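No lab work stands behind these numbers, since they all come straight from the coordinates. It should be emphasised that the depicted structure is a prediction, and the values quoted were computed from it without experimental measurement. Glycine also receives a Cβ, built like all others from the backbone with ideal geometry; neighbour counts cover every protein chain displayed.
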There are 2 protein chains.
Amino acid sequence: MNKIKGLEKEGISKSSEGCPMASVMNVIGGKWKIIILYHLRDSILRFGELKKRIPNITQKMLTQQLRELERDGLVKRTVYPEVPPRVEYQSTYLSDELRPIIDMLCDWGEKQKEMLGR
Amino acid sequence: MNKIKGLEKEGISKSSEGCPMASVMNVIGGKWKIIILYHLRDSILRFGELKKRIPNITQKMLTQQLRELERDGLVKRTVYPEVPPRVEYQSTYLSDELRPIIDMLCDWGEKQKEMLGR
DNA sequence: CCCCTATAGTATATAAAAGTAACTAACACA
DNA sequence: TGTGTTAGTTACTTTTATATACTATAGGGG
C-alpha cells in the first residue's frame, strides 16, 4: 500500500506532456482537492475539523487526498505525538499561490448560481 | 440512456449545500472539463479538433463531458447538417468568465513545474 | 454496385477511482 | 475492566473512466 495511485502521479508524467493544463489537473484534479485547499486557505485545521467542514467526504477519501496533496507539496502535515492523536494540516507556499484562483472560482460559482435562477 | 449521471447534477444539488466550492466542483469537476474549456478559450473547435488537442481523452469521455458542459451552459454546441457531420463547440458567456481563472491555473502549473525541478 | 474514406458519435467489456462500513492503536478516565 | 477520543486502516461494493469495436451517412473510385 505504498503506492496510492501508481506511477501516474509519481512525477507528474503521462498526460502532462503537450498540454499545460494536464499537469495542473494531475495535482488538483482529485474530486476533493480544491475543496480541501479551499478550507485550508486561511486556517490550520486538524483532520477532524476538515472532516466536519466537508461533510460528504469519507475518512478514507480525506486521508487519501490529503496524502496526495502532501506528496505534491500543497499541504503540510504535522503530527503531534499525543494521545488521542493530533494531526494538523496547513497550506504551503505552493498552495498559497492557488488562493486567488480558488477565491475567483468561488466568486464565479456564486455568480453562476444566480444566473441559473437560484 | 437519457440520464448521463443521474440526479446529482440535474440541479447542482447534493454537496452544493454548505460549501460554495462544491457547486463549482459539480460543474467543472469532471476530469477533462477544465482541459476542454482551456482549448475552447480562444477557438471554436470541431469534435475531432478537440480530440486531437487532447490526445489522451477517449471519444466517449469527450462526448460525455461536452454534453455535460453544454447542459450546464459552459459550451455551445452547433450541429451542421452535413455529411460527414460537422459539430462545432464554443465557449459561452459563462465560460468566458472562467478564462482568467483558467489562465491563472495554467501559469500556476508552469511555476509549479519549475519548482519541482523540471 | 461494392469498397473506401471521413466525422461524430454508440455499445460493450474491463480497469480504476470513489464510497461504505467495520476495525485498529494508544492512552485517559471512571 | 470497560468507555471515549482521534486519526487513521482494511476489506468490500458501487460508480466512473478507459479501451476497443461498431454504426450511420455521403462522396469518390473502380
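What to note about this one:
- Residue and distance for the chain B Cβ closest to the axis that moves B onto A, in whole Å, come to B:Ile101, 3.
- Most positive-pole-ward Cα, A:Leu37, A:Val75, A:Gln59, against dipole of region A:36-81 from beta carbon charges: A:Gln59
- Each copy carries a label point for B:Met115 at 7 Å from Cα toward Cβ; from one copy, the others' points are 3.0 nm away, ordered from shortest.
- Reducing region B:61-96 and region A:52-101 to their Cα centroids gives an inter-centroid distance of 37 Å.
- Across B:Lys33/B:Lys111; A:Lys51/B:Lys51; A:Lys51/B:Lys31; A:Lys31/A:Lys113, pairs whose alpha-carbon gap is larger than 31 Å: A:Lys51/B:Lys51
- Each copy carries A:Thr58; placing its label point 7 Å along the C-beta direction from Cα gives inter-copy distances of 2.3 nm, listed from smallest up.
- With the label put 7 angstrom out from Cα along the Cα-to-Cβ vector, A:Glu82 ends up 6.8 nm from the copy partners, going from closest to farthest.
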